[in-house]
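Q: Quick one: the structure is below, questions incoming.
The values are calculated or read from the model by the stated rules, or taken from the named source; none is laboratory data. As the structure is a prediction and not an experimental result, all values here were calculated from the model. Methodologically, a virtual Cβ is constructed for each residue, glycine included, from the backbone with ideal geometry; neighbour enumeration extends over all protein chains shown. Ligands, DNA and RNA are excluded from the accessible area calculation, which covers all protein heavy atoms including side chains. Shrake-Rupley method; radii C 1.70, N 1.55, O 1.52, S 1.80 Å.
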Amino acid sequence: MPALLDVTLRFFTVPSNLLATLLVLGVIGLLAGLRRPGGVATALATGLLLVCGYTTLGIALQHPLELRFPPGPEVSTPPTGIIILGGAIDASLSRDGRPIPLNEAGDRFTAAAELAARFPDAVIFIASGGAPPGRPDATELTLGTELLASFGVARDRITGDDRSVDTWDNARFAYDVLRPQPGQTWLIVTSAVHMPRTMGAFRASGWTGLIAWPVDYRTRGTEWPGFTMKLSAGLGNLDEAAHEWVGLAAYYLRGRSPSLLPGPEHPRRQEP
């Protein structure tokens, strides 16, 4: 039952799923002769689908998350390591001699390769999940290692984890493997919109000395109010924004983040 409840909650926290369900219920109501409730549900679902799908609402909701951590922060101390969060490689598409398939989050690996060249003594840790069905050899860890090696990063610098199913796993499994020590500096590379939840999870897992290195920016801040030309694009942006905002709330309520909207940590002022 808990598994079924979890799947149900995940389904209905996706706005496009929720709107589609409302539309289906409205049509069923009309067919069943419930003209008033069916008509209201159908009209409401149709209106919301049009507004959410053809406006930049989803991008507008992503923008404050991308602003939470500054890009290209100052790194005064050479880092001990660089942690790359998985989600940039679609391992299921890697077959038959195809190039390593990067998705829209591919900046995570290209930025990490640049950082690896800038900080040659830093270890590289790929925090990722397992292999897709039928491809036990194609994990993001194995493919990511190949990709970084093609960029000139020495393989003996690269390690990682392939057990994670979510960001919380990324944080705690990386902690278990790397055992960060006080005084060390660690760079975390992930998409800017995902950085607040990432930093919250890593801090709650016991990490210190973290520097956020956000990449994969998708907003400019001038999109709202605005319109999109594709229904799927608008709904996709809204679904992604909801995924992060709902994730932030869930992590905070479950003790997986010390704050609802994590931001840069500022050192306490020293008393005179």
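Q: Please state the charge dipole magnitude for the chain, taken about the Cα centre, from unit charges on C-beta atoms (+1 on K and R, -1 on D and E), reported in debye and rounded to the nearest 20. Mind dumping the intermediate values first?
A: On the way: 23 positive and 25 negative charges, 136 e Å.
Using only the charged Cβ atoms, the result is roughly 660 debye.
Q: Of the candidates Pro262, Pro180, Pro225, which one comes out as most mobile in a Gaussian network treatment of the chain with C-alpha springs shorter than 10 Å?
A: Checking each option, the largest mean-square fluctuation is seen for Pro225.
Q: If I model a spin label at Arg95 and Gln181 as a point 7 Å from the Cα along the Cα→Cβ vector, what separation in nanometres do I get?
A: 4.6
Q: Tell me which of Pro132, Pro120, Leu235 sits at the most positive position along the dipole axis of the chain, charges placed on C-beta atoms (Lys, Arg +1; Asp, Glu -1).
A: Toward the positive end, the furthest listed residue is Leu235.
Q: Of the heavy-atom accessible surface of the range 175-216 (probe 1.4 angstrom), what whole percent is carbon and sulfur? Each step should come with its number before you reach the end.
A: On the way: 570 of 1230 Å².
Carbon-and-sulfur percentage of accessible area, whole number: 46.
Q: Once amide H atoms are placed 1.01 Å from N in the peptide plane, what residues at a sequence separation of 5 or more from Thr55, or on another chain, have their amide H within under 5 Å of its amide H?
A: Thr228
Q: Assign unit charges at the C-beta atoms only (+1 for Lys and Arg, -1 for Asp and Glu), then state the dipole size of the range 60-203 relative to its Cα centre in Debye, rounded to the nearest 20. Mind showing how you got there, number by number?
A: Details: 13 positive and 17 negative charges, 44 e Å.
Result for the range 60-203 is approximately 220 debye, rounded to the nearest 20.
Q: Rolling a 1.4 Å sphere over the protein heavy atoms, what is the accessible area per residue of the range 12-142, to the nearest Å²? Provide the component values of the computation, followed by the final result.
A: On the way: 6650 Å² over 131 residues.
Dividing the accessible area of the range 12-142 by its residue count gives 51 Å².
Q: A further question on this structure: For the chain, list the DSSP H helices whose alpha carbon atoms reach 27 Å or more along the long axis and whose average Kyte-Doolittle value is 0.0 or above?
A: Details: long enough: 35-54 (28 Å, 0.83); 231-253 (33 Å, 0.41).
Qualifying helices, which must be both long enough and hydrophobic enough, are 35-54, 231-253.
Q: Considering the chain as a Gaussian network with a 10 Å cut-off on Cα pairs, which listed residue, Thr13, Thr190, Thr139, attains the greatest mean-square fluctuation?
A: Thr13
Q: Quantify, in whole percent, the carbon and sulfur part of the accessible surface of the range 17-68 (1.4 Å probe; protein heavy atoms only). Please report the intermediate quantities before stating the final value.
A: Working: 2240 of 2920 Å².
Summing carbon and sulfur atoms, their accessible area is 77 percent of the total for the range 17-68.
Q: Take the alpha carbon atoms of the range 62-119, find their center, do the same for the range 215-237, and report the distance between the two centers in whole angstrom.
A: Using only Cα atoms to place each centre, the spacing works out to 21 Å.
Q: Checking the a/c ratio against 1.5 first, then a/b against b/c, what shape does the Cα gyration tensor give for the range 139-272?
A: Values: a/c = 1.75, a/b = 1.19, b/c = 1.48.
It is oblate, given that a/c is not under 1.5 and a/b is not larger than b/c.
Q: If you don't mind, another one. I'd like to know which of Gly221, Tyr175, Val246 lies farthest towards the positive end of the charge dipole of the range 155-272, counting +1 on Cβ of Lys and Arg and -1 on Cβ of Asp and Glu.
A: Working it through, the farthest residue towards the positive pole turns out to be Tyr175.
Q: Quick one: which residues, 5+ away or cross-chain, put their amide H under 5 Å from the amide H of Ile126? H built at 1.01 Å from N.
A: Ile84, Thr159, Gly160, Asp161
Q: Rounded to the nearest 500 deg cm²/dmol, what is the calculated helix-only ellipticity per residue at 222 nm for the chain, with -39500 (n - 2.57) per DSSP H run of length n ≥ 4?
A: Details: 9 runs with 126 residues, N = 272.
Rounded to the nearest 500, it is -15000 deg cm²/dmol.
Q: State to the nearest 20 debye the size of the charge dipole of the range 171-221 about its Cα centre, where the only charges are +1 on K and R beta carbons and -1 on D and E beta carbons.
A: Values: 6 positive and 2 negative charges, 28 e Å.
Around 140 debye, computed over the range 171-221.
Q: Something else: How much FRET efficiency would the formula 1/(1 + (r/R0)^6) give for Thr21 and Glu114, where r is the Cβ-Cβ distance and R0 is 51 Å, rounded to 0.05? Working shown, then result.
A: Working: r = 44 Å, r/R0 = 0.86.
The pair Thr21/Glu114 has a calculated efficiency of 0.70.
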